[in-house]
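Novice: My questions will all concern the structure given below.
Read-outs throughout are calculated quantities, based only on the coordinates presented, and are distinct from any laboratory measurement. What you see is a predicted model, and the numbers here were worked out from it, not measured in a lab. Cβ coordinates were reconstructed from backbone atoms using ideal geometry, including for glycine residues, and neighbour counts include every protein chain displayed.
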Amino acid sequence: MNSNNILTMNDLSVNDIMKILHDAMLFSNSQKDWQLSKSRLVANLFFEPSTRTHYAFLSAQHQLGCKAVNFMEETSSVKKGESLYDTVKTFEMLGYEAVVIRHPQDQYFQQLQGVHIPIINAGDGCGNHPSQCLLDLLTIYQEFQTFQNINLFIVGDIKHSRVAHSLIETLQRLGGNVRLGGPKEWVDQEELYMDIDQGVAWADAVMMLRIQRERHTTITHQKKEDYLQMYGLTQERVQKMKPHAIILHPAPVNRGVEIEDCLVEHEKSRIFKQMENGVLIRKALFKKIFQEEF
């Protein structure tokens, strides 16, 4: 496999992470119009629905001068039984220089050992989501200019969230603290569990997660009003947050379920800022995998 792959956050050292964040911030300022030294042919292979991730990658590709192609599973040979490996290897043989892949299978990339062009993982099952993790880190860093001793409280469907799994270990590596809230059966690291009312008061950043209904076989918390009162971010709970604390959400947001509608664009909310940062981070990732400098 290509050494420039970005498959999990463990592929990136602390120095790598800080360089990516620094490059993303430069893209938001003086280097906004910077492009790759030559046009690159890139394919986006999304085997799951996506709005923010897919189109943030596409926006980043266009802004960098890439020739981007969106793979359509329903009109491809996947419908004839073609394997993921053969699909991706085909793109390599056709001259594509990188692929972005989202797939419902955990660690799908383990079957792509024979692929030699860079792969950026845009999400694998319940496993990893490195570009989302990086944009979340960028949003936190813009707010606090450090990760040391920053308290992040992640609330919701932790067990099925690749966002949470990527963030927990990475923020701890960077010197921050993480606690988890929500239904206890959805928290797979019990030692990090904290009651939601305690957690929102403790945190510098509160990240709410949607219920990943597509990954559940059964869901015990059916009524959205009940879930909001028990585990969601309400106006009453926001009043318990620290004055400087911020609200995060990787989206899509189920308004009125994990967060009250009026809080999505609250003064503490950085939810739409995260989306903006998603393009900056993806531009920085392409700069990294193609080994270019400003």
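Novice: Against the longest alpha carbon principal axis of the chain, how many degrees, from 0 to 90 and to the nearest 10, is the axis of helix 162-173 turned?
Specialist: Relative to the chain, helix 162-173 is tipped by roughly 80 degrees.
Novice: Considering the convex hull of the alpha carbon atoms of region 31-100, report its projected area averaged over all viewing directions, in nm², one decimal.
Specialist: Details: hull surface 20.6 nm².
That works out to 5.2 nm².
Novice: Two decimals, Cα atoms only, Kirkwood Rh: what is Rg/Rh over the chain? Intermediate values should be presented prior to the final figure.
Specialist: Values: Rg = 19.1 Å, Rh = 19.7 Å.
Ratio value, two decimals: 0.97.
Novice: Can you give the FRET efficiency to the nearest 0.05 for SER83 and HIS62, using r as the Cβ-Cβ distance and R₀ = 41 Å?
Specialist: Working: r = 30 Å, r/R0 = 0.73.
For SER83 and HIS62, the calculated efficiency is 0.85.
Novice: Given springs between every Cα pair under 10 Å in a Gaussian network model of the chain, which of TRP202, TRP34, TRP186 has the largest fluctuation?
Specialist: TRP34
Novice: If R0 is 25 Å, what FRET efficiency do you get for GLU293 and ASP11 from their C-beta distance, rounded to 0.05? It would help to have the intermediate numbers written out before the result.
Specialist: Working: r = 20 Å, r/R0 = 0.80.
Here the calculated transfer efficiency is 0.80.
Novice: Okay, helix-only estimate at 222 nm for the chain: each DSSP H run of n ≥ 4 adds -39500 (n - 2.57), divide by all residues, round to 500 deg cm²/dmol; what do you get?
Specialist: Here the helix-only value at 222 nm equals -10500 deg cm²/dmol.
Novice: Ok, one more. Is there a pair in LYS19/LYS242; LYS79/LYS288; LYS159/LYS240; LYS159/LYS283; LYS67/LYS288 whose C-alpha atoms are over 22 Å apart, and which pairs would that be? Before the final figure, lay out each step's value.
Specialist: Numbers: LYS19/LYS242 30 Å; LYS79/LYS288 34 Å; LYS159/LYS240 26 Å; LYS159/LYS283 29 Å; LYS67/LYS288 17 Å.
Going by Cα-Cα distance, LYS19/LYS242; LYS79/LYS288; LYS159/LYS240; LYS159/LYS283 fall outside the 22 Å limit.
Novice: Bin all alpha-carbon pair distances of region 133-180 at 10 Å intervals from 0 and give each bin's fraction as a whole percent.
Specialist: Calculated P(r), rounded to whole percents: 28, 60, 12.
Novice: How far, in degrees from 0 to 90, does helix 84-93 lean away from the longest principal axis of the Cα atoms of the chain, to the nearest 10?
Specialist: Compared with the principal axis, the helix lies near 50 degrees.
Novice: Restricting to Cα atoms and excluding each atom paired with itself, what does the Kirkwood estimate give for region 1-123 in Å?
Specialist: With all distinct Cα pairs of region 1-123 included, I get 15.5 Å.
Novice: If you don't mind, another one. Using the count of nearby Cβ atoms within 10 Å as a rough guide to exposure, how do GLU185, GLU82, GLU92 rank from fewest to most?
Specialist: On the way: GLU185 9, GLU82 12, GLU92 19.
Ascending Cβ contact count within 10 Å gives the list GLU185, GLU82, GLU92.
Novice: Can I ask one more? At 1.567 mPa s and 4 °C, plugging the Kirkwood radius over alpha-carbon pairs of region 59-109 into Stokes-Einstein gives what diffusion coefficient in µm²/s?
Specialist: Stokes-Einstein gives a translational diffusion coefficient of 104 µm²/s.
Novice: Can you give the angle from 0 to 90° between the axis of helix 130-144 and the longest principal axis of the chain, with both taken from C-alpha atoms, to the nearest 10?
Specialist: Around 50 degrees separate the two axes.
Novice: Using 10 Å bins from zero, what percent of all Cα-Cα pairs in region 1-73 falls into each bin?
Specialist: All Cα pairs considered, the percentages come to 16, 39, 41, 4.
Novice: Considering the chain as a Gaussian network with a 10 Å cut-off on Cα pairs, which listed residue, GLN145, GLN132, GLN235, attains the greatest mean-square fluctuation?
Specialist: Looking only at GLN145, GLN132, GLN235, the biggest GNM fluctuation is shown by GLN145.
Novice: Modelled label-to-label distance, ASP261 and GLN148, 7 Å Cα→beta-carbon offset: nm?
Specialist: 4.4
Novice: Next up: For region 130-271, report the translational diffusion coefficient in µm²/s to the nearest whole number, using Stokes-Einstein at 10 °C, 1.306 mPa s, and a Kirkwood Rh over Cα pairs.
Specialist: Calculated translational D: 107 µm²/s.
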